[in-house]
Amino acid sequence: MRQIQMLNEDLQEQIRLAEASTEDLRAFAYATSHDLKSPTNTALMIAAALSEEIGEHPETACKGLLNDLRETLGGMSSLIDSVQSYTNAIAPTLARDDVDLDEVAREVVADLSDMVLRSGALITVNALDHVTGSPGQLRILLANLIENAVKFQLPGAVPVISFDRVSAPEGFVGLSVTDNGIGIEAAHLDRIFQLFQRLNSTLDYSGHGLGLAVCHRIALNHRGRIGVASTPGVGSTFTVILRKETP
């Protein structure tokens, strides 16, 4: 009976993941087409203006238009990279392995050393647990949380980030990532893990609103969840709960 119950629970979980993936893909297709269409149209208009300018004034370098075109195409390239990252994250069928979250966190910090050095960020990793899961996806999850913590800071502030082990229900492991960033208004906490949710102006903070959606999907893939507690102007704590042994 116990085995049947476990199989039924796993089946229900697979159905839940499939339904979540279907809904996410629907929203993903709409938002991606919208976000790619705008910069594409801008690039086309800049190209047309550049062509006209060169035709009338072939002696000019048209540097301003070229710079605008380069920035627009760079934004499109960044969005495509984000789309690829999300596509990789929504696949629930993964190769499973024993993952030392402590080791992965330290490797991610080393991988992001350029960003860490530029920001002067102080990052502490405190004895995290092991979990059975996808090493690649868990690396993406931790990297996204670090990048967000470094990015969303007040001008001139030094990011202070801490990885800690937290209590979790039996059969699960937990970790938290705490920062001293700009924080999140309570009214926005329910939607920050949705696709393409940007709470701040792209003029102040770059990005496409996919990073936390990727984290959410990876947590679901590991039969877990991610949540956040935040105080504007003080910082945020993201808590990730993962099933210790994912079937």
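The values are calculated or read from the model by the stated rules, or taken from the named source; none is laboratory data. These numbers come from a predicted model, not from an experiment. We place every Cβ from the backbone using ideal geometry, glycine too, and count neighbours over all the protein chains shown.
Number of residues in segment 164-181 that are over 14 Å from residue 226 (Cα atoms) and within 17 Å of the chain's Cα centre (by Cα) equals 2. The residue of segment 157-184 that is modelled with the lowest pLDDT, among those that are surrounded by 12 or more Cβ atoms within 10 Å (Cβ to Cβ) and of a type in the set (Asp, Glu), is 179. Filtering 154, 142, 79 for residues that are at pLDDT below 90 and buried (at least 16 other Cβ atoms within 10 Å of the Cβ) leaves a single hit, 79.
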